[in-house]
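The values are calculated or read from the model by the stated rules, or taken from the named source; none is laboratory data. Here the structure is a predicted model, which is why all the values come from computation and not from measurement. Every residue, glycine as well, gets a Cβ built from its backbone with ideal geometry; the counts of neighbours run over all protein chains shown.
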Amino acid sequence: MTTDLDALRDRLVSAVEEAADLAALEDLRISALGKKGEITAHMKQLGGMDPEQRKQMGQALNQVKAHVAKALDARKAVLENADLEKRLAEERVDVTLPVAPEPVGSVHPISQTIDELTAIFSDMGFTVAEGPDIEDDFHNFDALNIPPEHPARQEHDTFYLPPVTEDQAHMVLRTHTSPVQIRTMMGQKPPIRVICPGRTYRADYDATHSPNFHQVEGLVIDKATHMGHLKGCLIEFCKAYFEVEDVPVRFRASHFPFTEPSAEMDIGYAKRDGQIKIGAGDDWLEIVGCGMVHPKVLRNCGLDPDVYQGFAFGMGIERIAMLKYGIPDLRTFYEADVRWLRHYGFAGLDIPNLYEGLSR
Amino acid sequence: MKFTLSWLKDHLETDADLDMICERLTMIGLELESLDNRAEKLAPFIIAEVTAAEKHPDADKLRVCMVNTGQETLQVVCGAPNARAGMKAVFAPVGTFVPGLEITLKKGVIRGVESNGMMCSESELELSDEHDGIIDVPADAPVGVSYAAWAGLDDVMIEVAITPNRGDALGVRGIARDLAATGLGTLKPLPIPEVPTSVDSPLTVRHALPEEQKTISPLFVGRYFKNVKNGPSPDWLQERLRAIGLRPISALVDITNYISYDLGRPLHVFDADKLDRGIVVRLAEEGESLKALDEKEYCLDSSMVAIADESKILGIGGIMGGEDSGCVDETQNVFLEVALFDPIVTAQTGRKLNIQSDARYRFERGVDPAFVFDGAAVASHMILDLCGGEASALVVSGEEPAWQRTVTLRGDRIKALTGMDLPLATQKETLECLGYHVHEAEGGLVAQVPSFRTDVQGEADLIEEIARIYGYDHLKEEALPRLHVIGKPTRTPLQCRLSSVRRHLAMRGLHEVVTFSFMSSDYTALFGGDHAGLKLINPISSDLDEMRPSILPNLLLAAQRNADRGQTELSLFEIGPQFTGARPEDQTLAASVIRLGQTGPRHWAVKPQAVDVFTAKADAMAALAACDAPVDKLQITTDAPSWYHPGRSGVLRLGPKIMGTFGELHPAVLKKLGIKGPTVGCEIFPSAVPFPKAKGTKTRPGLELSALQPVSRDFAFLVAEEVPAEKFIKAAKGADKSLITDVSIFDIYMGKGMEPGQKSVALAITLSPKQKTLTDEDIEAVCSKVIANVTKQTGASLRG
């Protein structure tokens, strides 16, 4: 009897192992274990046996059943896996196809440079002040100790606009951001530490001049700040801005009507392969005009020069951006050429700060 | 201001070398602009003898010369017509850089004949414009030595930038004085010669200025010279003038130019025989005209000083003499003018007439008022010396203006203002070297300002004098003391907002640009401009003649320029000023965006579309969100400005206040600007968005998360086409503000199957229960309310 069962088991198992697909396997399962299956039929005969025989036969049948069921499961897994592999093979796509482009914009180098300046001067306690682009003579010239016929006034190449009211003089497009300094001193009590970045205008247009450009000026007014602080502040600025350990600087005498004493600061650079390298070599580049605020300017703003003193400085934003980032032509800043913007612009999330370093 | 090293050394006794002098000039505020070191530049050019000159076998105009350089004899092919055997010439061997040609000589073969170097003309050495032939060196010149050194042409030309305050440094002597004060040498004394007088002046001088305007030309000193002999000035004088870029004219004229540069004292010489009776210093008559020495005709007005005689105008005071009364080679009798003119009047006159001259340049920066008589003596001596003749006594009208003033320098001020700790004695010595008379008083100094320093007015000026001469390299740098241990925010809320908008827009794929604040007035009217008060009086070009009323036109033109270069999908923005008038409050800040073309490049998976009003609206909403505007509370009206498409544009408002505008640009505007292709834009006004009140706490309200599933229901309504979608959303939301957390429109349909003028609007609402799971009845109740609200408020009917 057990040899019959062994034969049954072997036959069923080998049939299972040879099942070609899941449908055939299911047919086999039904023919073996289904209600009318072979093993089920044997099971049904157990009822007519004596207890001893039933027990023996029952155990043997259960073993056969388990064996076949296990074979069915194993075969099912193999067939399912083959099916999945087949499906996956059919689902293959060309993964080298390019994805849809994400739109990539940029921040203009002038904005980025103003952000860099702000990060540096913020750390030195400066706030950012702004003012109107269209100014009157008082704020742009008179208050700054630049009298009407002074040659310095003529050197400004001022743009003029008609007077606002008939009894007034013409208006001007501010030739520097110094009027913001005047407005700051007239509007707030010392101590003052501000930088004034913004648009400025001069009637000059050639390879190195743009009729509309940007300046940043700085102003410190209190009771103790002297020219040594000015020099220290500017040297620290240069090191931070150009992101170099050390910058050779040359601080030399100059003249501006609104500062006395006045100075200009040059930084050392070398030109290698047409690229400017800041902080090396022994050529000098002028980058900033500065000085101690003229007593007349303080007085014009209602501050007593015997009590208050301080410094002011100014520099061209495009100029320092050109130096830092190797941008060769001033005029390209305003041409809005997207090829230039992609090349010299900055990513939106590339926000200058001191803890990560100003620029990537 | 140009001069030469040897000229400087006429006034400055010094052992310092050129580098040191140049460095010092720059440090004290007389910045070195350029240097022409002829000694160095011309060193390789030597005197050589031409021993033979034969015609070139293959060229009529060339000669094959044998040149003895003192070391060897070389064959040189030369094209100069004056090249001949026996002459001495200036020879440049192979390897020499020739400045006038900007080339370095190489060994060459010219029409088959070898040539080893070159014989040079004056222009090739940049000595003059002469290039017709090679330099013919005198026969007695030694062969083999440097030509420049032998001819005395090896002076160094130095050019410095003079700041407008330093009229005194517009003479070589003033520069020497500054250098001497730094310890670089000593200032040589300037001898004032005695002028022998032996004739009487037949010419008089008188002032005829209105009493109240006498100060505009307070002093005129003249001198008559009889029987002078004009002609070319001596070589040394011509050389110096040429070295600084002036053309030698004649001895008399050269003397005036020389003294102008040497001592900063402008002069004029008249041909005395062309003058009627004498000089009259008066105001010009309105419309009076003069042909000046620059051969141009000038029309004067009554604000200008005329130098005239008793019958006619002779010159423009302080600026330029007239051609008719000037000295020529034949001039025999001369009248010298040494006068003073007011800086402001001189500047105004010069500007009005648009004349530049060395005299104007000096008078408007301040000429030494105490150097009129001495200046006349120096000039007279030089005229007698170079031109002979006899001089009269000085003919004087007016008087030297009072220039004497003292300035007090408190003892502690240099330290306080510069941080430099300088002994009082050093301060005093420096000022004295610069020409001040100084005495100590009350722990400080009292300085009498020298006559030539018209710029020095106050204590700060003295501080600058001492500091710059001592040297700013001695300034000890100090760190600014920190105001706070940890820094405070330094940007205003508006500045933060602009930064946020900028970076959000850049992340949306837009390129930030910076365009000019002005634009062409041809287009301003299209954007609400054309404002007389915003038209530049002196524009740099007609393209840039009016302040922009909007940033959009500059962006549009920029986009089109890019499109013309083959760029596509242009997305640009600018944050900057725009103007409705010239007062500060008429300047508004806008963040403006334009997009031109498709939403993206063609792609196999994502099909781009033409940009449309909703592209612009999305940009506007994103920019406003970046400004922290309450975007869910904004209203949209359809009254956008005229530069937008009237049916495809909108205005974003918060109450009555306009936060921004958006839309497709008006086709007529685009056509006028020459813009091709679909173009949309928006303008956002970041300062119009209300600033939130400063909060006392940064704590956020507690987060309540519901464990219950949200439920979604869809509706379709039929409604008249013109009913805005916004109304549906509001009506649906209003049905139950706490339960309905989202309303979206997921389909709009018009056309086939619909009645004309009708549209179908499909809404999805999301219900988010918070306390208990919604029953079918609960949901049914809310849905009924949504339908009721929508039908009531929009006139729609539920689609069956």
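A few comments on the model shown:
Residue-by-condition table, conditions (1) more than 14 Å from chain A (Cβ to nearest Cβ); (2) in contact (Cβ under 8 Å) with a residue 40 or more places away in the chain; (3) closer than 16 Å to B:ASP262 by Cα:
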site	(1), (2), (3)
B:GLY388	yes, yes, no
B:GLU399	yes, yes, no
B:VAL407	no, yes, no
B:MET420	no, yes, no
B:GLU432	yes, no, no
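- Sole residue being of a type in the set (Phe, Trp, Tyr) and within 12 Å of chain B (Cβ to nearest Cβ), chosen from A:PHE242, A:PHE258: A:PHE258
- One residue stands out among those in the stretch B:533-553 that are more than 8 Å from chain A (Cβ to nearest Cβ) and of a type outside the set (D, E, K, R): the one that is farthest from B:CYS627 (Cα to Cα), which is B:SER542.
- In the stretch A:28-52, the residues that are assigned by TED's automatic domain parsing to the domain that holds A:ALA74 form no Cβ pair under 8 Å with any partner that is modelled with pLDDT under 85 and of a type in the set (Val, Ile, Thr), whether six or more places apart or across chains.
- Flag for B:ARG265 being in the same structural domain as B:CYS327 (by TED's automatic domain parsing), modelled with pLDDT under 95 and under 30 Å from B:ASP19 (Cα atoms): no
- Per the listing A:ALA77, A:ALA89, A:ALA71, the residue uniquely part of a helix (DSSP H, G or I), away from every other protein chain (no Cβ under 14 Å) and buried (at least 20 other Cβ atoms within 10 Å of the Cβ) is A:ALA71.
- Look at (1) of a type outside the set (Val, Ile, Thr); (2) under 25 Å from B:ALA141 (Cβ atoms); (3) surrounded by fewer than 14 Cβ atoms within 10 Å (Cβ to Cβ) and you find that B:ALA80 fails only one, number (3).
- Single residue of the stretch B:614-648 satisfying the filter (over 42 Å from the mean Cα position of the chain (by Cα) and under 25 Å from B:GLY677 (Cβ atoms)) that is nearest to the other protein chains (Cβ to nearest Cβ): B:PHE614
- So B:PHE363, is it touching a helix residue (DSSP H, G or I) at 6+ places or on another chain (Cβ under 9 Å), in contact (Cβ under 8 Å) with a residue 12 or more places away in the chain and under 25 Å from B:VAL305 (Cα atoms): yes
- Test set (1) within 8 Å of another protein chain (Cβ to nearest Cβ); (2) in contact (Cβ under 8 Å) with a residue 40 or more places away in the chain; (3) buried (at least 21 other Cβ atoms within 10 Å of the Cβ) - A:LEU219 fails condition number: (1)
- With respect to the conditions (1) at the interface with chain B (Cβ under 9 Å from one of its Cβ atoms); (2) buried (at least 17 other Cβ atoms within 10 Å of the Cβ); (3) more than 26 Å from the chain's Cα centre (by Cα), A:TYR269 lacks only one, and its number is (1).
- Screening the stretch A:122-226 for helices (runs of 4 or more DSSP H) wholly inside it with 1 or more residues that are touching a strand residue (DSSP E or B) at 6+ places or on another chain (Cβ under 8 Å) and polar (S, T, N, Q) returns the ranges A:137-140, A:178-187.
- Unmet criterion (only one of (1) over 39 Å from the mean Cα position of the chain (by Cα); (2) within 24 Å of B:GLY174 (Cβ to Cβ); (3) not hydrophobic (A, V, I, L, M, F, W, C)) for B:SER392: (2)
- Candidate set from the stretch B:492-503 (those that are in contact (Cβ under 8 Å) with a residue 60 or more places away in the chain and more than 7 Å from every other protein chain (Cβ to nearest Cβ)); member that is surrounded by the fewest Cβ atoms within 10 Å (Cβ to Cβ): B:PRO493
- Scanning the stretch B:276-312 for residues that are within 14 Å of B:GLU337 (Cβ to Cβ) and buried (at least 22 other Cβ atoms within 10 Å of the Cβ) yields B:ILE279, B:VAL280, B:VAL281, B:VAL305, B:ALA306, B:ILE307, B:ALA308.
- When A:THR127 is tested against (1) out of contact with any His (no Cβ under 8 Å at 6 or more places or on another chain); (2) polar (S, T, N, Q); (3) more than 7 Å from chain B (Cβ to nearest Cβ), only condition (3) is not met.
- Taking the stretch A:130-152 as the range and being at the interface with chain B (Cβ under 9 Å from one of its Cβ atoms), within 23 Å of A:ARG299 (Cα to Cα) and not acidic (Asp, Glu) as the test, the residues that pass are A:GLY131, A:PRO132, A:PRO147, A:PRO148, A:HIS150, A:PRO151, A:ALA152.
- Scanning the stretch B:319-330 turns up no residue that is in the same structural domain as B:SER201 (by TED's automatic domain parsing), under 15 Å from B:ILE259 (Cα atoms), hydrophobic (A, V, I, L, M, F, W, C) and part of a loop (DSSP other than H, G, I, E, B).
- Yes/no for B:VAL221 being under 30 Å from B:ASP329 (Cα atoms), β-branched (Val, Ile, Thr), out of contact with any helix residue (DSSP H, G or I) (no Cβ under 8 Å at 6 or more places or on another chain) and in a strand (DSSP E or B): no
- The set of residues in the stretch A:328-355 that are surrounded by fewer than 16 Cβ atoms within 10 Å (Cβ to Cβ), over 18 Å from the mean Cα position of the chain (by Cα) and either assigned to a helix (DSSP H, G or I) or within 7 Å of chain B (Cβ to nearest Cβ) (or both) comprises A:ARG331, A:ARG339.
- Residue among B:GLY566, B:GLY509 that alone is in contact with a strand residue (DSSP E or B) (Cβ under 6 Å, 6 or more places away or on another chain), within 11 Å of chain A (Cβ to nearest Cβ) and on the phi > 0 side of the Ramachandran plot: B:GLY509
- Look at the stretch B:461-488: where a residue is more than 7 Å from chain A (Cβ to nearest Cβ) and surrounded by 17 or more Cβ atoms within 10 Å (Cβ to Cβ) and a partner is among the acidic types (Asp, Glu) and in a helix (DSSP H, G or I), sitting 6+ places away or on another chain with Cβ atoms under 9 Å, you get B:ILE469/B:ASP178.
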